[in-house]
1. Evaluate segment 192-346: find the radius of gyration of its Cα atoms, find its Kirkwood radius, and give the ratio Rg to Rh.
2. From largest to smallest, what semi-axes in whole angstrom does segment 333-373 give when each is the square root of 5 times an eigenvalue of its alpha carbon gyration tensor?
3. Under the definition of Cα pairs under 8 Å and six or more residues apart, what whole-number percent is the relative contact order of the chain?
4. Give me, ordered by chain and number, the residues 5 or more places off Val143 or on other chains with an amide H under 5 Å from its own placed amide H.
5. Can you give me the % of accessible surface on the chain that is carbon or sulfur? Probe 1.4 Å, all protein chains present, nothing else counted.
6. Restricting things to alpha carbons, tell me how big the chain is in terms of Rg and Dmax, in Å.
7. Report, as a whole number in µm² per second, the diffusion coefficient that Stokes-Einstein gives for segment 290-427 at 20 °C and 1.002 mPa s using the Kirkwood radius over alpha carbon pairs.
8. For Leu107 and Val416 in the same chain, what is the full-extension length gain: residue separation times 0.36 nm, less their Cα-Cα distance, in nm?
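The values are calculated or read from the model by the stated rules, or taken from the named source; none is laboratory data. What you are looking at is a predicted structure, and each value in this text was computed from that prediction instead of being measured. Protein only, heavy atoms only, side chains kept; ligands, DNA and RNA dropped before computing areas. Shrake-Rupley method; radii C 1.70, N 1.55, O 1.52, S 1.80 Å.
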Amino acid sequence: MPPASTKASTAVDACQLSPGTSAYRRMSLALFAAGVATFALLYSTQALLPAVSAGFGVSASAASWTVSAATGALALAVLPLSTLSERFGRRRMMTVSLAVAVAVGLLVPLAPSLEWLVALRAVQGAALAGVPASAMAYLAEEVRPKALVGAIGLFVAGNSIGGMSGRITAGWAAQLWGWRAGLAAVGVLAVICAVVFRALLPKARNFTPGSLRPRSIARTVRGHLADPLLLRLYGIGALFMTVFGAVYTVIGYRLAGEPFGLPQGVVGSIFLVYLVGTVSSAAAGKLVGRMGRRGALYLAVVTTAAGLLLSLAQTLTAVLAGLVLITAGFFAGHAVASSAVSRTAKTGRAQASALYQSAYYLGSSAGGTLGAVAFHAGGWAGTVLLGLVAVLGVVSITLYGTHCARVAERAARTEVRRRVATAGARM
């Protein structure tokens, strides 16, 4: 008879969702909608920053806090809320988080001052913190391992669609009726996505409630932070997002200024480039299958760096081509790193994903703020320099990971040879 652990594993596999089933399609569409709502709300002011600057009479770096406050609050709140999801369930946590974030999103257009706008955006970011880590943990528990990278890629694709649709919606609504109307339009879009999410997401079948005891939680977090591979993945996520946050926080200022002088609606439409991220994130699973995790990361890095350098050109075509490469590289790298976190963590998956999301959105917050400062100090070239430094960090971490893997492989081969020699001597 097979051992009890094998039976239990087989039973879990039988309950997990597989591609091609109706439940898997419902789950994919539901989390896609959640991803759209999350990114549309989280970055709702990003395409409107020049208009926000003009409306309140503030600088680019001051206006950038409407983005950085949301991402920074998410980074700080994601671990506590993911811990609650271990006790109360992933589905419930995502539902409550989206509901609160959508409600705040309908209040954001009414902010009477920049200070109020930043405060509301911080509350909104904290509310959204319950979605990403809980979604990753839900997928790790409910989807068969072989389909996990693809499933997470679809969720990340929803992020890219949300980032695109939110910015385009906001941009054109702002051009017609002002930036407050742009934020209101994003709020309505998020309401629709939240309803779709709740209606379609299947109930969890493999979730087991965990403990809320502080010592147990602290022990789990310490274990994840002591794992060298997880630490490297957290660093990679933060650095990739630093690049992305810096580029997309200030790209509106560059395109609205000379020599381009594009109107607000057209600037918002630039975010159609996010469709490239939808494709590259969804294809991350195939990339990993062909090139391995580190090979896929190297490809993402090279693509991102090439896009940064190309964007320095003074023609709109070259800038758009650069944005295409930056977006493709970022989303592929993010999908690879985030799925690796879910596969690496065997226990406390919500906390492992939360730590990744925390690092990821701290990178976004840092990138948005530092990108605006760099743009103010050195123009677009300053922002590109910041991005290249972050890309170099990703390369360094990945090279170090490759070195560690080779050392471990040599040590394993040496140990095998030693055991064989020892066994032969005893014969």
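1. Values: Rg = 19.4 Å, Rh = 18.1 Å.
Over the Cα atoms of segment 192-346, Rg/Rh equals 1.07.
2. On the way: eigenvalues 125, 23, 3 Å².
Over the Cα atoms of segment 333-373, the semi-axes work out to 25, 11, 4 Å.
3. Working: 767 pairs, mean separation 104.4, N = 427.
Reported relative contact order: 24 percent.
4. Counting only residues 5 or more places away or on other chains, the set is Leu17.
5. Details: 11950 of 17420 Å².
Carbon with sulfur: 69 percent of the solvent-accessible area.
6. In Å, with Rg to one decimal and Dmax whole: 22.1, 87.
7. Values: Rh = 17.7 Å.
For these conditions, the coefficient is 121 µm²/s.
8. On the way: separation 309, 0.36 × 309 = 111.24 nm, distance 6.36 nm.
Net length gain for the segment: 104.9 nm.
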